[in-house]
Amino acid sequence: MQYPEIMIRPMREDLVRLGFEELKTAEAVDDAVQNTSGTLMIVVNSICGCAAGKARPGVALALQNEARPDRLATVFAGADIEATERARGYFTGYRPSSPSIGILRDGELVFMMERYQIEGRGPGEIAAELKRAFDECCAPAAVASN
């Protein structure tokens with residue numbers, strides 16, 4: 001069952017304001033993954049409290065880092081059902097969870113943060129882990145060394 005759009009619009013806009021592209025179809029997810037040169041961060045957004053109070057604020061803080069993904073995208077669990085399922089299909093080896101955050105480099109998953117790694121932390125801790133991931137996976141020197 002899908003959430004009513006009027007209910008989730010403000011939650012979507014939290015990430016859109018930060019520069020995230022909404023991927024609302026499975027085809028849009030495939031296009032983003034297959035046509036992004038460099039790094040793509042996909043946030044599986046959610047209506048839950050840990051998305052609102054932890055994941056989205058943590059992502060906002062992390063994006064202040066010098067190194068950051070080349071492209072930012074999001075799907076909304078419970079609304080963009082096919083898109084969310086497709087995005088999770090790229091998160092190879094991980095169980096579906098929301099919220100969650102994956103970073104892909106040239107279509108390959110290089111970092112994953114699952115719900116259990118989000119719900120027990122505050123935004124600052126989430127941001128610190130994401131910044132480490134950005135420095136490792138998204139900085140030009142990191143990409144050149146891999």
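Since every read-out is calculated from the coordinates, none of them should be taken as a lab result. Source: prediction; values computed, not measured. Reconstructed Cβ throughout: ideal geometry from the backbone, glycine too, with neighbour counts over all protein chains shown.
What is the spin-label model distance, in nm, from Glu5 to Glu136 if the labels are put 7 Å beyond Cα along the C-beta direction?
3.9
Among the DSSP beta bridges whose two residues both lie in the chain, what percent are antiparallel, rounded to the nearest 5? Before the final figure, lay out the partial values.
Values: 11 of 19 bridges.
Given both bridge residues lie in the chain, the antiparallel proportion sits at roughly 60 percent.
Given +1 on the Cβ of Lys and Arg, -1 on the Cβ of Asp and Glu, and no further charges, what dipole in debye does the chain carry about its Cα centre, rounded to the nearest 20?
Its charge dipole is roughly 400 debye.
What residue among Ala127, Gly19, Ser100 has its Cα farthest toward the positive end of the dipole of the chain, where the charges are +1 on Lys, Arg and -1 on Asp, Glu, each on the Cβ?
Looking along the dipole axis, the top candidate is Ala127.
Quote the Stokes-Einstein diffusion coefficient, in whole µm² s⁻¹, for the stretch 54-100, based on the Kirkwood radius over alpha carbon pairs, a temperature of 10 °C and a viscosity of 1.306 mPa s. Before the final figure, lay out the partial values.
Values: Rh = 12.2 Å.
Calculated translational D: 130 µm²/s.
Between the stretch 107-128 and the stretch 13-47, what is the separation of their alpha carbon centroids in Å?
16
Given a Förster radius of 22 Å and the C-beta distance between Glu82 and Ile47 as r, what FRET efficiency does 1/(1 + (r/R0)^6) yield to the nearest 0.05?
Taking R0 as 22 Å, the efficiency between Glu82 and Ile47 is 0.80.
Say each of Asn35 and Glu119 gets a label point 7 Å from the Cα, pointing the same way as Cα to Cβ; how far apart are those two points in nm?
3.7
List the DSSP H helices in the chain whose Cα atoms stretch 18 Å or more along the helix axis and whose mean Kyte-Doolittle hydropathy is at least -0.5. Provide the component values of the computation, followed by the final result.
On the way: long enough: 123-137 (20 Å, -0.36).
Span-like helices, by this rule, are 123-137.
I need two numbers for the stretch 1-79: Rg to one decimal and Dmax as a whole number, Cα atoms only, in Å.
Every Cα atom of the stretch 1-79 included, Rg and Dmax give 12.6, 39 Å.
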